[in-house]
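Chemist: I'd like to ask you about the structure that follows.
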Amino acid sequence: MKRWNEYFHGDYLALRAFLFSKVFLCMVALDTWMLMIGHAGRYGVAGFNVAHFSILQRLLPLPTAAHYVATLLLTGLVSLTAALLGPSKPLIGLLCVLYTYSWSMSMLDSYQHHYFVSLVLLCMVFFPRATRAPERNELTSGFGYPLLAATIALLYTFTAIAKMDPQWCNGFTLRRISSAQEVLAPLVVLATQLGISEPSFWSIASTSVIPIELLIAVGYGLSARQDAAAPRWLRFYVAFSFVIAVALHLGAEALRLEIGWFSYYMLALACTFLLPGRAVQVLSLALTLPAGAIAKLLAESKVPSRTETFLTCAAVSGALAASAFLLDLPGAYTACAVAALGLWGYALANTEDAIQTGLALGVAAVLMWAAIAVTEVRWDYYRYLGGDLQRRGESREALTAYLKGERYAPKGSSRKSKIRQLQRELGLKVAP
Amino acid sequence: MSSPSTAPHTHARTRRRENLTIAAILVFQIAMPLSYYVTRRAYDERFSWRMFSTLRLRDCKVEVREQLANGRTRGVNIERDVHVAWLRLLERMRSAVIDAYLERRCENHEVTRVDFTCRCNDTDGRALPTMERSLSCEVTR
């Protein structure tokens with residue numbers, strides 16, 4: 001029990017948890033807005049859905065594209081608000097529920113890293129509350145952080161176990177992964193020159209991933225103890241596991257795997273958990289300086305009057321409405337209305353920090369619009385939707401989707417020929 | 001305000017509650033992926049951290065045929081029926097999806113029986129045994 005308590009209730013550098021919360025919450029917000037929304041057109045098609053859990057299937061209505069987009073927009077808003085305000089238990093708890101609901105409502109989202117993000121958020125509920133940036137050498141405790149370290153160690157262990165399979169170890173599976181053959185071609189040539197046959201190369205490359213993942217698992221397992229008077233060998237080992245973790249995930253990115261931002265989440269985790277304390281201090285200073293200045297400014301403001309609070313809420317509600325209008329996505333108005341109602345409810349119950357919350361939500365709303373506007377996510381949404389509708393013979397609806405998508409088409413990706421083809425099929429005037 | 005004698009007691013209670021939470025979360029996290037290996041959900045790799053598994057990279061083809069009340073049979077164009085993403089899950093033999101899809105086909109009262117067939121080649125190109133599933137629509141009505 002002593003070892004257990006030392007591990008889960010021991011001290012660690014407060015900056016690690018602080019930095020990770022900020023970075024991770026920003027990533028979650030951007031991930032939901034910039035990546036996940038693109039596939040929303042799959043939801044509710046032909047009235048067919050299978051949820052991840054039978055209880056959701058029984059209790060909830062059929063998820064539609066609007067339903068899914070609203071959930072994602074709201075998830076992102078809560079995530080970024082929490083990042084700006086400093087994560088609190090209720091906010092992270094709400095985020096964990098919303099995020100988990102976003103993927104569990106349908107097996108259409110079967111990315112394992114979305115389940116992993118839910119587990120990270122669950123651990124973050126138990127992170128120490130930090131409203132200000134901790135001092136450089138400040139130590140803190142709280143079981144959320146070591147629990148997350150143990151969670152990641154388990155993930156790497158089971159991932160390694162999954163690869164203990166003849167097809168993987170013989171290299172057949174790795175060869176079939178995305179662009180592995182193309183990316184690793186120079187290494188295959190080098191191996192052949194060294195007298196290693198091509199099948200042996202693939203087998204060695206695949207099999208070597210297993211000990212690498214196990215080494216990283218041990219590194220994460222030990223990382224929670226590295227700040228509290230840990231022996232030199234432990235700190236050295238954890239730093240070594242940082243190098244191999246970064247190499248593994250950069251390698252995965254080079255293979256152009258379709259795994260969303262999983263590698264980047266894992267790199268953020270490696271920087272937080274596996275880097276030596278001094279490196280985290282430097283990184284934290286660089287990354288949180290602007291946020292720290294804003295937080296200081298907000299903290300120094302006087303206790304606001306009710307009128308000031310309500311004026312802020314009204315302004316933020318306006319920003320949310322404007323974002324919803326500009327987003328031009330189904331479910332945007334619902335998400336922004338729920339966020340605005342939540343803010344008003346909070347302001348009525350607690351005026352003291354409602355202005356800070358409101359400002360954070362307002363900034364999140366503007367950034368939400370900006371994040372969606374600068375990426376191709378709306379183009380993806382409308383073109384995927386159009387493609388599916390056309391495949392299923394719903395030409396009129398497909399035409400509407402393609403026409404809408406044209407507004408967001410990047411240069412050289414226009415679907416004009418498809419639009420003309422559909423217009424001809426439907427006997428409509430063909431666009432020039 | 002707690003008296004000096006109750007403070008350690010409260011602390012011990014909080015610590016016990018925290019330890020129980022930690023243990024529950026850890027047990028859940030070990031049990032979820034472990035259940036993949038100890039139960040028979042070979043084709044359902046969710047929550048088991050089997051990213052890049054061999055199963056996902058198999059080359060599979062799915063066929064659904066239905067028997068009609070007039071004795072004839074016909075093939076189902078799955079891509080025209082539901083979103084193509086569901087076809088990918090059918091190819092991965094996701095049990096819950098197969099069951100739900102067969103039930104969906106049975107909603108048509110002309111249909112008396114639905115047969116699902118999945119043929120896969122492993123990552124080394126070797127053909128794997130054909131997997132079949134059927135549903136008699138009388139069961140669902």
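Chemist: Given the conditions (1) within 11 Å of chain A (Cβ to nearest Cβ); (2) outside any loop (DSSP other than H, G, I, E, B); (3) under 30 Å from A:Ser206 (Cβ atoms), which single one is not true for B:Arg15?
Modeler: It fails just one condition, (3).
Chemist: Related question: Among (1) free of Cβ contacts under 8 Å to residues at least 40 places away in the same chain; (2) within 21 Å of A:Ser79 (Cα to Cα), there is one condition A:Ala409 misses while meeting the rest; what is its number?
Modeler: (2)
Per-residue answers, yes or no, for (1) part of a helix (DSSP H, G or I); (2) modelled with pLDDT under 95; (3) within 16 Å of A:Val69 (Cβ to Cβ); (4) not assigned by TED's automatic domain parsing to the domain that holds A:Thr75:
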site: A:Leu367; (1), (2), (3), (4): yes, no, no, yes
site: A:Tyr382; (1), (2), (3), (4): yes, no, yes, yes
site: A:Asp388; (1), (2), (3), (4): yes, yes, yes, yes
site: A:Gly393; (1), (2), (3), (4): no, yes, no, yes
site: A:Glu397; (1), (2), (3), (4): yes, yes, no, yes
site: A:Gly405; (1), (2), (3), (4): yes, yes, yes, yes
site: A:Pro410; (1), (2), (3), (4): no, yes, no, yes
site: A:Ser413; (1), (2), (3), (4): no, yes, no, yes
site: A:Ile419; (1), (2), (3), (4): yes, yes, no, yes
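Chemist: Can you name every residue in the range A:146-158 that is touching a Cys at 6+ places or on another chain (Cβ under 8 Å) and more than 7 Å from chain B (Cβ to nearest Cβ)?
Modeler: Within the range A:146-158, the first condition is being touching a Cys at 6+ places or on another chain (Cβ under 8 Å), and the residues that meet it are A:147-148, A:151.
Result: A:Leu148, single match.
Chemist: Only one of A:Leu275, A:Leu283 is away from chain B (no Cβ under 14 Å), surrounded by fewer than 20 Cβ atoms within 10 Å (Cβ to Cβ) and closer than 16 Å to A:Arg136 by Cβ. Can you tell me which?
Modeler: Values: A:Leu275 fails: surrounded by fewer than 20 Cβ atoms within 10 Å (Cβ to Cβ).
Exactly one of A:Leu275, A:Leu283 is away from chain B (no Cβ under 14 Å), surrounded by fewer than 20 Cβ atoms within 10 Å (Cβ to Cβ) and closer than 16 Å to A:Arg136 by Cβ, namely A:Leu283.
Chemist: Pick from the range B:26-56 the residues that are surrounded by 20 or more Cβ atoms within 10 Å (Cβ to Cβ) and among the aliphatic types (A, V, I, L, M): which of them is nearest to A:Lys163 (Cα to Cα)?
Modeler: Among them, the one singled out is B:Met51.
Chemist: From the list B:Glu45, B:Glu63, pick out the single residue that is touching a Cys at 6+ places or on another chain (Cβ under 9 Å) and closer than 20 Å to B:Cys120 by Cα.
Modeler: Details: B:Glu45 fails: touching a Cys at 6+ places or on another chain (Cβ under 9 Å).
Among B:Glu45, B:Glu63, only B:Glu63 is touching a Cys at 6+ places or on another chain (Cβ under 9 Å) and closer than 20 Å to B:Cys120 by Cα.
Chemist: Examine the range B:41-60 for a residue that is in contact with an Asp or Glu (Cβ under 8 Å, 6 or more places away or on another chain), more than 28 Å from A:Ile152 (Cα to Cα) and not β-branched (Val, Ile, Thr), and state whether such a residue exists.
Modeler: So the first thing to find is which residues in the range B:41-60 are in contact with an Asp or Glu (Cβ under 8 Å, 6 or more places away or on another chain), and the list is B:53-56, B:58, B:60.
Now restrict to residues that are more than 28 Å from A:Ile152 (Cα to Cα): B:60.
Those still in the list that are not β-branched (Val, Ile, Thr) too: B:60.
Yes, the range B:41-60 contains a residue that is in contact with an Asp or Glu (Cβ under 8 Å, 6 or more places away or on another chain), more than 28 Å from A:Ile152 (Cα to Cα) and not β-branched (Val, Ile, Thr).
Chemist: Across the range B:1-27, which residue is modelled with the lowest pLDDT among those that are over 24 Å from A:Cys123 (Cβ atoms) and among the small types (Gly, Ala, Ser)? Even if it seems obvious, please write down each step before you answer.
Modeler: Of the residues in the range B:1-27, the ones over 24 Å from A:Cys123 (Cβ atoms) are B:1-10.
Pick out the ones that are also among the small types (Gly, Ala, Ser) and you get B:2-3, B:5, B:7.
Details: B:Ser2: 45, B:Ser3: 54, B:Ser5: 58, B:Ala7: 70.
Among residues in the range B:1-27 that are over 24 Å from A:Cys123 (Cβ atoms) and among the small types (Gly, Ala, Ser), the one modelled with the lowest pLDDT is B:Ser2.
Chemist: Follow-up. Select from the range B:46-80 the residues that are in contact (Cβ under 8 Å) with a residue 24 or more places away in the chain, closer than 28 Å to A:Gln112 by Cα and among the charged types (D, E, K, R) and list them in ascending order.
Modeler: Once the filter is applied, which keeps residues that are in contact (Cβ under 8 Å) with a residue 24 or more places away in the chain, closer than 28 Å to A:Gln112 by Cα and among the charged types (D, E, K, R), the range B:46-80 yields B:Arg56, B:Arg58, B:Asp59, B:Lys61, B:Glu63.
Chemist: I need the full set of residues from the range A:66-121 which are hydroxyl-bearing (Ser, Thr, Tyr), within 12 Å of chain B (Cβ to nearest Cβ) and either farther than 19 Å from A:Phe262 by Cα or more than 16 Å from the chain's Cα centre (by Cα) (or both), in order please.
Modeler: A:Ser106, the sole residue that qualifies.
Chemist: Something else: Please count how many residues of the range A:302-321 are touching a residue at least 40 places away in the same chain (Cβ under 8 Å), in a helix (DSSP H, G or I) and surrounded by fewer than 17 Cβ atoms within 10 Å (Cβ to Cβ).
Modeler: If we filter the range A:302-321 for residues that are touching a residue at least 40 places away in the same chain (Cβ under 8 Å), which is where we start, we get A:303-304, A:306, A:308-309, A:312-313, A:315-316, A:319-320.
With in a helix (DSSP H, G or I) added as a condition, the list becomes A:306, A:308-309, A:312-313, A:315-316, A:319-320.
Within this subset, residues satisfying the condition of being surrounded by fewer than 17 Cβ atoms within 10 Å (Cβ to Cβ) are A:306, A:308, A:315.
Of the residues in that region, 3 qualify.
Chemist: For A:Pro63, are the conditions met, namely being part of a loop (DSSP other than H, G, I, E, B), more than 18 Å from A:Ala337 (Cβ to Cβ), touching a residue at least 60 places away in the same chain (Cβ under 8 Å) and more than 15 Å from the chain's Cα centre (by Cα)?
Modeler: no
Chemist: Turning to a different aspect of this structure: Among the residues that make up the range A:131-142, is at least one of them part of a loop (DSSP other than H, G, I, E, B), more than 13 Å from every other protein chain (Cβ to nearest Cβ) and of a type in the set (Val, Ile, Thr)? Don't jump to the end; show me each part of the working.
Modeler: As a first pass, look at the range A:131-142 and keep what is part of a loop (DSSP other than H, G, I, E, B): A:131-138, A:141-142.
From the residues that got through so far, the ones that are more than 13 Å from every other protein chain (Cβ to nearest Cβ) too are A:131-138.
Next, only the ones that are of a type in the set (Val, Ile, Thr) stay: A:131.
Yes, the range A:131-142 contains at least one residue that is part of a loop (DSSP other than H, G, I, E, B), more than 13 Å from every other protein chain (Cβ to nearest Cβ) and of a type in the set (Val, Ile, Thr).
Chemist: How many of the residues in the range A:150-174 are more than 23 Å from the chain's Cα centre (by Cα), crowded, with 20+ Cβ neighbours inside 10 Å and part of a helix (DSSP H, G or I)?
Modeler: 6
Chemist: Which of the residues spanning the range A:233-265 are farther than 19 Å from A:Leu35 by Cβ and small (Gly, Ala, Ser)?
Modeler: From the range A:233-265, those farther than 19 Å from A:Leu35 by Cβ are A:233-248, A:250-251, A:254; that's our starting set.
Across the range A:233-265, the qualifying residues are A:Ala239, A:Ser241, A:Ala245, A:Ala247, A:Gly251, A:Ala254.
Chemist: Kindly provide the set of residues from the range A:343-362 that are of a type in the set (A, V, I, L, M) and either surrounded by fewer than 17 Cβ atoms within 10 Å (Cβ to Cβ) or without any contact (Cβ under 8 Å) to a residue 12 or more places away in the chain (or both), ordered by number.
Modeler: Quick first cut of the range A:343-362, residues of a type in the set (A, V, I, L, M) only: A:343, A:347-349, A:354-355, A:359-361.
Matches in the range A:343-362: A:Leu348, A:Ala349.
Chemist: Would you confirm, using the coordinates I've provided, whether A:Trp369 is closer than 30 Å to A:Arg306 by Cα and not β-branched (Val, Ile, Thr)?
Modeler: Numbers: closer than 30 Å to A:Arg306 by Cα: yes; not β-branched (Val, Ile, Thr): yes.
It is true that A:Trp369 is closer than 30 Å to A:Arg306 by Cα and not β-branched (Val, Ile, Thr).
Chemist: Considering only the range A:159-168, I want to know if a residue exists there that is more than 19 Å from A:Glu213 (Cα to Cα), in contact (Cβ under 8 Å) with a residue 40 or more places away in the chain, at the interface with another protein chain (Cβ under 10 Å from one of its Cβ atoms) and not charged (D, E, K, R). Give the steps one after another, and end with the answer.
Modeler: Residues of the range A:159-168 that are more than 19 Å from A:Glu213 (Cα to Cα), as a first pass: none.
Checking the range A:159-168: not a single residue is more than 19 Å from A:Glu213 (Cα to Cα), in contact (Cβ under 8 Å) with a residue 40 or more places away in the chain, at the interface with another protein chain (Cβ under 10 Å from one of its Cβ atoms) and not charged (D, E, K, R).
Chemist: Let me ask something additional. Report yes if A:Gly387 is more than 22 Å from the chain's Cα centre (by Cα) and either crowded, with 18+ Cβ neighbours inside 10 Å or in contact (Cβ under 8 Å) with a residue 60 or more places away in the chain (or both), otherwise no.
Modeler: Values: more than 22 Å from the chain's Cα centre (by Cα): yes; either crowded, with 18+ Cβ neighbours inside 10 Å or in contact (Cβ under 8 Å) with a residue 60 or more places away in the chain (or both): yes.
So A:Gly387 fits the description; yes.
Chemist: Just the residues that are closer than 14 Å to A:Val120 by Cα and over 15 Å from the mean Cα position of the chain (by Cα), please, taken from the range A:251-286.
Modeler: A:Ala270, A:Thr272, A:Phe273
Chemist: Something else about it: Run down A:Ala17, A:Ala40 and say which single residue is modelled with pLDDT of 95 or more and not polar (S, T, N, Q).
Modeler: Within the list A:Ala17, A:Ala40, the selection yields A:Ala40.
Chemist: Residues being within 19 Å of A:Trp33 (Cα to Cα) and more than 14 Å from chain B (Cβ to nearest Cβ): count how many of those fall in the range A:384-416.
Modeler: Looking only at the range A:384-416, we keep the residues that are within 19 Å of A:Trp33 (Cα to Cα), and these are A:384-385, A:404-405, A:407-410.
Add one more test, that the residue is more than 14 Å from chain B (Cβ to nearest Cβ), and what stays is A:404-405, A:407-410.
Residues that pass the stated criteria total 6.
Chemist: What pairs come up if the first residue lies in the range A:2-29 and is over 13 Å from A:Gly86 (Cβ atoms) and outside any helix (DSSP H, G or I), the second is among the hydroxyl-bearing types (Ser, Thr, Tyr) and at pLDDT 95 or above, and their beta carbons are under 6 Å apart, counting only those six or more places apart or on different chains?
Modeler: Hits for this filter: A:Tyr12/A:Tyr145.
Chemist: Could you check the range A:35-47 and list, in sequence order, the residues that are farther than 14 Å from A:Gly386 by Cα and buried (at least 17 other Cβ atoms within 10 Å of the Cβ)?
Modeler: A:Met36, A:Ile37, A:Gly44
The values are calculated or read from the model by the stated rules, or taken from the named source; none is laboratory data. Keep in mind that what you see is a predicted model, and the values were worked out from it rather than measured. Backbone-built Cβ (ideal geometry, glycine too); neighbour counts: all protein chains shown.
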